[in-house]
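Colleague: I'd like to ask you about the structure that follows.
The values are calculated or read from the model by the stated rules, or taken from the named source; none is laboratory data. Quick caveat: nothing in here was measured; it's all calculated off a predicted structure. When we count neighbours, we look across all protein chains shown, and the Cβ atoms used for this are built from the backbone with ideal geometry, even at glycine. Calculation scope for accessible area: heavy atoms of the full protein, side chains included, ligands and nucleic acids excluded. Shrake-Rupley method; radii C 1.70, N 1.55, O 1.52, S 1.80 Å.
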Amino acid sequence: MSNFQKIGVVGAGMMGSEIALMFALAGYPTLLTDASRDAAERAVERLHGVLDRGLPRGFWTEEAAATARRQLSVAGDLDAYADRDFVVEAVFEDEALKRKIFGKLDAILAPGAGLASNTSSISITTLSAAVAEPRRARFIGTHFFSPASRMKLVEVIPAADTDPAFVDAVMKIMVAIGKTPIHVKDVVGFAVNRLLHALVLESIRLVEEGVCSPADIDVACKLGLGHPIGPFELMDNTQNSLSLSVHEILYQAYGERFLPRPLLRQMVAAGYNGRKAGRGWHRYDGTGKKQ
Ligand SMILES: NC(=O)c1ccc[n+]([C@@H]2O[C@H](COP(=O)([O-])OP(=O)(O)OC[C@H]3O[C@@H](n4cnc5c(N)ncnc54)[C@H](O)[C@@H]3O)[C@@H](O)[C@H]2O)c1
């Protein structure tokens, strides 16, 4: 176990709520907040539903689910975080908003408490500059994957001033909540998004060149490479506009090899944004089922 006892999570959306659930399942008292108390309460209700559904699939024991129900609580604002040892931020991907929250938390938390961001694209060193110098030794990136209750990987990303002992403590608490952390340098896209989008971009090039259809590439990745989902199915599930904006960020950082593809731009401009839109690389019926 790490030294952390009491946990806070800020942002009760898709990622934050499930990150809070992971801490609560491992027995940590966990406070969750969102832009309003109501939103955080709704998120905790949803998590109770996740706990109910998770049991038959065997993701956690009945005992852990009972513990999680007891350990999860909601805070109306960040003032309630004064006794937290470790706080994970998972609000919208907006640098100004994240900086504002970190500045506020820095003033509220005890000197020994640590902060983490779940950002997928903002530099951890840049975010760490939102807190006063002494706290920067205890500032880190913890990049979870969606859905955070199922995906085992967490990229742990130290900022320029992060203390190695704090990195170790964060690696340990990730293991304590059932995750497998890997150590990654603070570079744009970290490690996994660079790998994933190299594959995604090459997949789109294959379609542009008429080598394979999106459906055939999905089959190839699943049956030939052992991936659980094909790149076009994945883009449709997470929205094509998100992939395009990631490519733009990676292109800014690394140049030509991440140049956004014209075909993806066309799809996004046409509104063929994926499963939610009813059409992306594949077509979906009104219930979101692939046709
Ligand atoms: N969705 C993914 O697959 C994924 C994967 C890894 C990392 N991330 C990162 O995780 C973070 C959250 O992403 P998400 O997909 O959960 O987004 P989301 O939109 O589902 O959730 C963001 C939450 O932040 C809340 N919020 C906004 N302003 C707030 C404030 N002032 N105080 C407290 N809460 C506030 C929103 O109400 C919302 O509930 C982002 O930085 C994103 O880049 C997302």
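Colleague: Could you tell me whether Q252 is touching a strand residue (DSSP E or B) at 6+ places or on another chain (Cβ under 7 Å) and surrounded by fewer than 20 Cβ atoms within 10 Å (Cβ to Cβ)?
Modeller: Criteria not met by Q252.
Colleague: Of the numbered conditions (1) closer than 23 Å to K6 by Cβ; (2) more than 13 Å from the ligand (Cβ to nearest atom), G54 satisfies every one except a single condition; which is it?
Modeller: Checking G54 against (1) closer than 23 Å to K6 by Cβ; (2) more than 13 Å from the ligand (Cβ to nearest atom), the one that fails is (1).
Colleague: Here is a follow-up. Taking the stated definitions as given, is A64 buried (at least 16 other Cβ atoms within 10 Å of the Cβ) and within 14 Å of the ligand (Cβ to nearest atom)?
Modeller: No: the conditions fail for A64.
Colleague: Which one is nearest to the ligand (Cβ to nearest atom) among residues in segment 78-89 that are more than 25 Å from E155 (Cβ to Cβ) and either in contact with a strand residue (DSSP E or B) (Cβ under 7 Å, 6 or more places away or on another chain) or open to solvent by less than 20 Å² (accessible area, probe 1.4 Å) (or both)?
Modeller: Checked segment 78-89; the qualifying residue nearest to the ligand (Cβ to nearest atom) is L78.
Colleague: From the residues in segment 90-113 that are near the ligand (Cβ under 8 Å from one of its atoms) and either in a helix (DSSP H, G or I) or touching a residue at least 60 places away in the same chain (Cβ under 8 Å) (or both), which one is most open to solvent (accessible area, probe 1.4 Å)?
Modeller: The residue in question is F92.
Colleague: What's the total number of residues in segment 147-174 that are of a type in the set (G, A, S), in contact (Cβ under 8 Å) with a residue 60 or more places away in the chain and within 16 Å of the ligand (Cβ to nearest atom)?
Modeller: Within segment 147-174, residues that are of a type in the set (G, A, S), in contact (Cβ under 8 Å) with a residue 60 or more places away in the chain and within 16 Å of the ligand (Cβ to nearest atom) number 2.
Colleague: Here is a further query. Testing L32 on (1) within 12 Å of the ligand (Cβ to nearest atom); (2) outside any strand (DSSP E or B); (3) surrounded by 21 or more Cβ atoms within 10 Å (Cβ to Cβ), one condition comes back false. Which one is that?
Modeller: Of the numbered conditions (1) within 12 Å of the ligand (Cβ to nearest atom); (2) outside any strand (DSSP E or B); (3) surrounded by 21 or more Cβ atoms within 10 Å (Cβ to Cβ), the odd one out for L32 is (2).
Colleague: A further question follows. For segment 146-173, which positions are within 14 Å of the chain's Cα centre (by Cα) and buried (at least 16 other Cβ atoms within 10 Å of the Cβ)?
Modeller: Answer for segment 146-173, where residues must be within 14 Å of the chain's Cα centre (by Cα) and buried (at least 16 other Cβ atoms within 10 Å of the Cβ): A148, S149, V154, E155, V156, I157.
Colleague: May I pose another question? Can you find a residue that is at pLDDT below 95, within 16 Å of the ligand (Cβ to nearest atom), among the small types (G, A, S) and in contact with an Asp or Glu (Cβ under 9 Å, 6 or more places away or on another chain) anywhere in segment 132-146?
Modeller: yes
Colleague: Specify the residue that is nearest to S123 (Cα to Cα); the eligible residues are those in segment 186-209 that are open to solvent by 60 Å² or more (accessible area, probe 1.4 Å) and more than 26 Å from the chain's Cα centre (by Cα).
Modeller: E208
Colleague: Open to solvent by 50 Å² or more (accessible area, probe 1.4 Å) and at pLDDT 95 or above: does that describe R37?
Modeller: yes
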